[in-house]
Amino acid sequence: MSWSTKEAPRVVQTRAAGFPQVDAENRARVWAVLGSGNGGKTSAAELSLQGMAVRLWEFPQWSSNIHELIRANPRAVLHASGALNGDAPLELVTDDIAVAVQGAHAIMCCLQADAINLLADHIFPFVCSNVPIILNPGSTGGALVLAKQLRKRGVSGVKMPPIVELGTLLYGTRAQGSQVSCAVLVQRVEFGVFPASRMNEVAPMMGAHFGSRLVPASSGSALEAGFANANPVIHPAITLLNVGAMEIEGASRRFYRDNVSPMVADMIRKVDLERMALMKALGFDAMSDALNSKLQGYAESDDYYECYAHGSGFAQFTCPATDLRTHRYFEEDVGVGLVFFVLLGKQLGVPTPASFALVSLATQLAEKDFLSLAKKSPQTLGIEGMSREEMQHYLFHGETSSQNDDENENLGAFLNVEGTAPPPIMAHLR
């Protein structure tokens, strides 16, 4: 059962009847979680288990993800097992974004990369400069994409909220209906902020809720954190080099254990080297994804083959049972992630032959020209044509150096007195 946006939203209230009214004392307890897929439901469960009042929202066209919760009476509860364990009550479940975000302390978005523009359509009337939007994950540059889309809808300057980007989802998890099965509570997730000058506004809150699991990017930049996104590095190589077996065996085949051979692992390594080369060209610190996976708790080795083929945190994931050509491994990890590597590499003069090869193969299999579609590119991030120095300025200040005087005056909200950089990021988050 579904409903249109013109119909009254179906809301499950578990604490108070009527429209949520949040007083100042309790405001810090309210989180809106936007998106009810694997990441959204798991995020909602963790925050609820921390004692937060959590509102779970979904786009009306994907409301099937919350039907079971909508029907729950008198309480909507997520049942978490694995690395997260317990019954997690939700304050409400709704498709009305105004109800979901009103009075919220923070807004966490758990969406696929190509849903950012749609999110901007729904959320722009309700954003507040002091309510951070957290992209969990940001899918490499999602914070910049969202900021650009909000500007197009009239949100700019001091009206713009800080947009936090997590390099990867906080969990290795699957969710169905009201059940959340969390295999891995990821132990190392980089995060950054757009603009980076607002890091100290959000770092204490992020640390309070997620502790040492979160690691601030060395530059504070959302884009640096976004490059920790491993999905374009791992999923396309595994899928495209095992497409026949995956099509035939479907969910009976283990995605990592049965698909990662030494040659597949070497292709992952080559794409990862390109990702790190792009980071270094931008002046960012770079770590191999195999080492990052070990630090996150997915694996016991930072050797590419041992990491993905035998890492304990990767063991239980199975192959998708749907048409691979329309799965997110094609649509998002190739069509968004690898395409961005190729197009950014062209702008920066960084060769990306392995990424290009995988994009080309996916293009032939899916009969879709992913490069021409360019769902994510320097242009969609608002950094097209910028030099490294111009990008660094933009990532820190949130505005280009060529903005007019009136716009630059608005940057005072992003900076300390006299335009100096904020103090170093809190040591307790390091």
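The values are calculated or read from the model by the stated rules, or taken from the named source; none is laboratory data. Not measured: the values here are computed from a predicted model. Positions of Cβ are backbone-derived with ideal geometry, glycine not excepted, and every protein chain shown enters the neighbour counts. Protein only, heavy atoms only, side chains kept; ligands, DNA and RNA dropped before computing areas. Shrake-Rupley method; radii C 1.70, N 1.55, O 1.52, S 1.80 Å.
When you go through Val145, Val131 one by one, which is the residue that is farther than 16 Å from Met205 by Cα, of a type outside the set (Ser, Thr, Tyr) and surrounded by 17 or more Cβ atoms within 10 Å (Cβ to Cβ)? Please lay out each step first, then the result.
On the way: Val131 fails: farther than 16 Å from Met205 by Cα.
Just a single option satisfies the conditions, and that option is Val145.
Looking at (1) surrounded by 16 or more Cβ atoms within 10 Å (Cβ to Cβ); (2) over 25 Å from Ala251 (Cβ atoms), which is the only condition Glu300 fails?
(1)
Where in the stretch 199-297 are there helices (runs of 4 or more DSSP H), lying wholly inside it, with at least 3 residues that are open to solvent by 20 Å² or more (accessible area, probe 1.4 Å)? Spell out the reasoning first.
Values: elements: 199-210, 222-226, 231-240, 243-249, 262-281, 289-296.
So the answer is 199-210, 243-249, 262-281, 289-296.
Restricted to the stretch 169-183, and to residues that are open to solvent by less than 10 Å² (accessible area, probe 1.4 Å) and in a strand (DSSP E or B), which residue is nearest to Val77 (Cα to Cα)?
Applying the filter and picking the extreme gives Val180.
What pairs come up if the first residue lies in the stretch 216-231 and is on the phi > 0 side of the Ramachandran plot and among the charged types (D, E, K, R), the second is crowded, with 24+ Cβ neighbours inside 10 Å and assigned to a helix (DSSP H, G or I), and their beta carbons are under 6 Å apart, counting only those six or more places apart or on different chains?
Listed by first residue and then by second, the contacts come to nothing, as the list is empty.
Might you check whether a residue that is part of a strand (DSSP E or B), closer than 16 Å to Gly39 by Cα and in contact with a Gly (Cβ under 7 Å, 6 or more places away or on another chain) occurs anywhere in the stretch 132-150? Steps first, please.
Here is the first cut: in the stretch 132-150, the residues part of a strand (DSSP E or B) are 133-135.
Right, trim to closer than 16 Å to Gly39 by Cα and you get 133-135.
Add one more test, that the residue is in contact with a Gly (Cβ under 7 Å, 6 or more places away or on another chain), and what stays is 135.
Yes, the conditions are met somewhere in the stretch 132-150.
This table checks each residue for (1) open to solvent by 10 Å² or more (accessible area, probe 1.4 Å); (2) out of contact with any Lys or Arg (no Cβ under 8 Å at 6 or more places or on another chain); (3) within 17 Å of Ala76 (Cβ to Cβ); (4) at pLDDT 50 or above.
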| site | (1), (2), (3), (4) |
| --- | --- |
| Lys6 | yes, yes, no, no |
| Gly18 | yes, yes, yes, no |
| Gln21 | yes, yes, no, no |
| Val30 | no, no, yes, yes |
| Ala44 | no, yes, yes, yes |
| Leu49 | yes, yes, yes, yes |
| Leu56 | no, no, yes, yes |
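Considering only residues that are outside any strand (DSSP E or B) and over 22 Å from the mean Cα position of the chain (by Cα), look in the stretch 78-97 and name the one that is surrounded by the fewest Cβ atoms within 10 Å (Cβ to Cβ).
Asn85
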